[in-house]
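One structure is given here, and the rest of the page talks about it.
The values are calculated or read from the model by the stated rules, or taken from the named source; none is laboratory data. Bear in mind that the values here come from a model prediction, so they are computed numbers and not experimental data. With ideal geometry, Cβ positions are generated from the backbone for all residues, glycine too; neighbour counts draw on all protein chains shown. These accessible areas exclude ligands, DNA and RNA; they are computed on the full protein's heavy atoms, side chains included. Shrake-Rupley method; radii C 1.70, N 1.55, O 1.52, S 1.80 Å.
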Amino acid sequence: MTRLLRLDDPWRRPSVMGVLNVTPDSFTDGGRFASAADAAAAARAMVDDGAAVVDVGGESTRPGASRVDVDEELRRVVPVLELLEGIPVSIDTSKAEVARRALALGAAMVNDVTALRGDPELAGVVAAAGALVCLMHMQGDPRTMQVAPRYDDVVDDVAAFLEQRLAAAVAAGIREERVCLDPGIGFGKTPDQNLELVRCLDRIVAIGRPVLVGLSRKSTLGKVLGEPAARAGTVDASVGAAVAAFDRGASLFRVHDVRPHVEALAVAAAVERGRVA
């Protein structure tokens, strides 16, 4: 029986989502955690640092990554989820069975990079649980997405896709107020296309659902900083990009370094309000 953990205010703006990859091959922190206990301790530290939710993932979606099967993904994430009682958790998966198990263990949200296209049963799992869901745009799949991505207009094309996937989610029984949208920075886009999406993020926000952005440590930031190999951007660059996205209407921020983002976004929000609280 699902014991879904409810978030008091899931779309509070700004909210920080801490990244917890329990994979051997993620681009920044693959293989970082030697045990489920270590991963769970890292999740609790993120919440202590101000994360509203921790995004647990057992399959890398870095460019060129290969898929893992359901059993392997479950082997990676279930021992961690079992140690996270009381922690607000999102499960980063495109597989219905992984989502079902995670929601039964208390996860509140499904973060799906395929926007419910990867597994035909996933929408039903989310709807039945009354879970939150994030729908992300990706051109191609992790193995092919960075092979010459092309768009007529990247902002218009991404917005149209997200509108279509939102409609599909609602048609599948997911309540619209349970959905947020992610333009998929770095998922089948060139660095210039990523920057254009951030510059024009208000056009994604205009769809009417909260927008999540994942700019943390993306190679586009390395390009901006003049890194010839486009290594992941620094913490400072990641924070600067997040504040820029907040100024253009983003609500949620998927990050690796929680405390610096929480502090910077708190100041940005105070400036937007024109008062401390």
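Altogether, the Stokes-Einstein calculation at 37 °C and 0.692 mPa s, with the Kirkwood radius of the chain over Cα pairs as Rh, returns a diffusion coefficient of 177 µm²/s. Cross-link partners of LYS189 among aspartates and glutamates, defined as those whose alpha carbon lies under 19 angstrom from its own and excluding same-chain residues fewer than eight positions apart: ASP112, ASP141, ASP152, ASP153, ASP156, ASP157, GLU163, ASP202, GLU227.
Solvent exposure of region 89-218 amounts to 36 Å² per residue of accessible area, where only protein heavy atoms count and the probe is 1.4 Å. Pair-distance distribution P(r) for region 185-277, from all Cα-Cα distances in 5 Å bins starting at 0: 3, 15, 24, 24, 20, 10, 4, 1, 0 percent.
I'd like the carbon and sulfur percentage of the solvent accessible area for region 16-213, probe radius 1.4 Å, heavy atoms only, ligands and nucleic acids excluded. Accessible surface attributable to carbon and sulfur in region 16-213 totals 48 percent. Adding -39500 (n - 2.57) for every DSSP H run of four residues or longer, then dividing by how many residues the chain holds, sets the calculated 222 nm ellipticity at -11500 deg cm²/dmol.
Net charge near GLU72: determine it from the other residues with C-beta under 11 Å of the C-beta of GLU72, scoring Lys and Arg +1 and Asp and Glu -1. After counting each charged neighbour, the total is 0. Near GLU97, once Lys and Arg are set to +1 and Asp and Glu to -1 for all other residues with Cβ below 11 Å from its Cβ, the sum equals -2. Each peptide in 269-277, 211-219, 189-197 was scored by the mean count of other Cβ atoms within 10 Å over its residues; highest first, the order is 211-219, 189-197, 269-277. Taking a sphere under 11 Å around the Cβ of ASP156 and counting the other residues whose Cβ falls inside, with K and R at +1 and D and E at -1, yields a net charge of -4.
Screening the chain for DSSP H helices whose Cα atoms reach 20 Å or more along their own axis and whose mean Kyte hydropathy is at least 1.0 gives 154-171. Over the chain, Cα pairs under 8 Å with separation of 6+ residues give a relative contact order of 19 percent.
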